[in-house]
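Enquirer: For reference, the structure I am asking about is given below.
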Amino acid sequence: MGKIVYTKLLKLMEEKHLTTYKIRQEHIISEYTLQNIRKGKSITLDSVASLCKALECQPGDILE
């Protein structure tokens, strides 16, 4: 399996000023999940749902 691309997620995080610091402080997702995103690895649907809630978007807005 190839790397997962999180380009849309990272772009939306930047647009909405959702930093990794804020994610950690507000316990939106775990540090482990953040590392998986940085490495292009898979994350759980619960993590996707948490990010969507924080970014006020739908999964299709952050996943390709």
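Enquirer: So, of the residues in the stretch 44-64 that are in a loop (DSSP other than H, G, I, E, B) and modelled with pLDDT under 95, which turns out to be most open to solvent (accessible area, probe 1.4 Å)?
Expert: Restricting to residues being in a loop (DSSP other than H, G, I, E, B) and modelled with pLDDT under 95, the top hit is GLU64.
Enquirer: Would you confirm, using the coordinates I've provided, whether ILE29 is open to solvent by less than 100 Å² (accessible area, probe 1.4 Å), at pLDDT 95 or above and assigned to a loop (DSSP other than H, G, I, E, B)?
Expert: Answer is yes for this residue.
Enquirer: Where residues in the stretch 43-64 are in contact (Cβ under 8 Å) with a residue 40 or more places away in the chain and within 14 Å of ILE4 (Cβ to Cβ), which of them is nearest to the chain's Cα centre (by Cα)?
Expert: Applying the filter and picking the extreme gives LEU51.
Enquirer: Report the residue count in the stretch 32-43 for those that are outside any helix (DSSP H, G or I) and polar (S, T, N, Q).
Expert: The qualifying residues number 1.
Enquirer: I've got another one for you. What's the total number of residues in the stretch 11-23 that are open to solvent by 90 Å² or more (accessible area, probe 1.4 Å) and either in a helix (DSSP H, G or I) or in contact (Cβ under 8 Å) with a residue 60 or more places away in the chain (or both)?
Expert: Of the residues in that region, 4 qualify.
Enquirer: Check off (1) open to solvent by less than 50 Å² (accessible area, probe 1.4 Å); (2) on the phi < 0 side of the Ramachandran plot for GLY40 and give me the number that stays unchecked.
Expert: (2)
Enquirer: Out of the stretch 40-58, which residues are under 14 Å from ILE29 (Cβ atoms) and either touching a His at 6+ places or on another chain (Cβ under 7 Å) or not small (Gly, Ala, Ser) (or both)?
Expert: Correct list: LYS41, ILE43, THR44, LEU45, ASP46, VAL48, LEU51, CYS52, LYS53, LEU55.
The values are calculated or read from the model by the stated rules, or taken from the named source; none is laboratory data. Note that this is a predicted model, so its numbers are computed, not measured. Reconstructed Cβ throughout: ideal geometry from the backbone, glycine too, with neighbour counts over all protein chains shown. SASA here: full protein model, heavy atoms, side chains in, ligands and nucleic acids out. Shrake-Rupley method; radii C 1.70, N 1.55, O 1.52, S 1.80 Å.
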